[in-house]
Amino acid sequence: MGEIILKTNNLTVDFKVKKNIFGKPDRLSAVQNANIEIRKGEIYGLVGESGCGKTTLANAILGFVPITSGSFEFCGHTVDAKTKPAEWKEVRKHMQTVFQDPYSSLNTRFTVWQLISEPLYIAGERDERVLRERAASLVEKVGLSLADLDRYVFEFSGGQRQRIAIARALITGSEFIICDEPTSALDVSVHSQICNLLLDLRDEMGLTYLFISHNLSLIKHITEHMSVMYLGEIMESGATAEIFEKPACPYTEALMSAILDVKPKAGKERIILSGEARSPINPPDICRFATRCPKACDICKSTPLPAPVSVGTEHTARCHLIGKEGK
């Protein structure tokens, strides 16, 4: 077991939305009591359908959205809703992010060396020679050339732009990188190139990744541990191999059944979810997946989701059906 670099403790993010007809503000529950543990040097996967709260959880860790309740521990700091800006600034020195879309995350008016070195400039470095040298030290590491330093970002392909974004995330020496769908906006032909680059940099620089993705095959291939989210709640967590081998939650089973296999297994059936997803606005305190779960029973629709229970060596899940006959 490696050292835990990041741990969330019942991290919750709510957003206030327009007042309802009774004059009370509605609460949009984006992340509810999320608990994950990420070990130093690993790649941790976070999966779930669009809108389930994956990016919101990442943004709360980065400080892009406010934490409503709960906290997270990172590099000796405990961060919660009351954390002061000075401490947030200290925490952010050790983490960066690679966004989903390199076309919108990079300023087209900047040259490559300016884009890569901008986080270092924001951190206080004002010597242009130092900024350019630091950018030059990274540009070849991510698969570009020194001749690219003075070019503009609109001159590059999507894969090359994402390489620039990766170099930008590394410029300050941050050891924790959040990769939010870093390959989904790219051509299929460059997916593996970017993933291999991230793996090589992890090994070379001792990085730790939180890897958010819809691509379950990719998550299975590159992550050691993972969590499955549904409508703001962590449904299942643990060693990636154990979860893929024997998913314990019906929602995870449905996700796994949707994976396209090169060699389909005989007898494998796709689980089609029916019913409507529950609204995240003022959700009742019951299992949020109950309206779509093919195995839901009365207790699922009337009782809060239970605490995580162990279903393997490194595998926990939250479901009323665990341990009951037929599950």
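The values are calculated or read from the model by the stated rules, or taken from the named source; none is laboratory data. Source: prediction; values computed, not measured. Reconstructed Cβ throughout: ideal geometry from the backbone, glycine too, with neighbour counts over all protein chains shown.
Observations, loosely collected:
Here is a yes/no grid of residues against (1) touching a Leu at 6+ places or on another chain (Cβ under 8 Å); (2) free of Cβ contacts under 8 Å to residues at least 40 places away in the same chain; (3) aliphatic (A, V, I, L, M):
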site: VAL142; (1), (2), (3): yes, no, yes
site: LEU149; (1), (2), (3): no, yes, yes
site: GLY159; (1), (2), (3): yes, yes, no
site: ARG163; (1), (2), (3): yes, yes, no
site: GLU181; (1), (2), (3): no, no, no
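- Restricting the range 260-286 to residues that are hydrophobic (A, V, I, L, M, F, W, C) and touching a Lys or Arg at 6+ places or on another chain (Cβ under 8 Å) leaves a set whose member that is modelled with the lowest pLDDT is LEU273.
- Elements of type helices (runs of 4 or more DSSP H) contained in the range 164-251, each with 1 or more residues being in the same structural domain as ALA58 (by TED's automatic domain parsing) and β-branched (Val, Ile, Thr): 216-222, 240-245
- Residue satisfying all of: in the range 214-236; among the polar types (S, T, N, Q) and either over 28 Å from LEU28 (Cα atoms) or surrounded by 24 or more Cβ atoms within 10 Å (Cβ to Cβ) (or both); nearest to the chain's Cα centre (by Cα) among these: SER227
- Residue list for the range 273-316, filter: in a loop (DSSP other than H, G, I, E, B), hydroxyl-bearing (Ser, Thr, Tyr) and free of Cβ contacts under 8 Å to residues at least 24 places away in the same chain: SER274, SER279, THR291, SER302, THR303
- Hits in the range 48-78 - residues which are farther than 29 Å from ALA277 by Cβ and within 18 Å of the chain's Cα centre (by Cα): GLU73, PHE74
- Within the range 21-35, the presence of at least one residue that is farther than 22 Å from LEU170 by Cα, among the β-branched types (Val, Ile, Thr) and surrounded by fewer than 19 Cβ atoms within 10 Å (Cβ to Cβ) is confirmed.
- Checked against the criterion of being of a type in the set (Ser, Thr, Tyr), more than 24 Å from the chain's Cα centre (by Cα) and surrounded by fewer than 19 Cβ atoms within 10 Å (Cβ to Cβ), the candidates SER104, SER145, SER117 yield just one match: SER145.
- Subset of the range 49-73 [buried (at least 22 other Cβ atoms within 10 Å of the Cβ) and under 13 Å from VAL91 (Cβ atoms)]: ALA60, ILE61, PHE72
- Strands (runs of 3 or more DSSP E) within the range 59-146 that include 2 or more residues more than 26 Å from LEU197 (Cα to Cα): 69-74, 77-80
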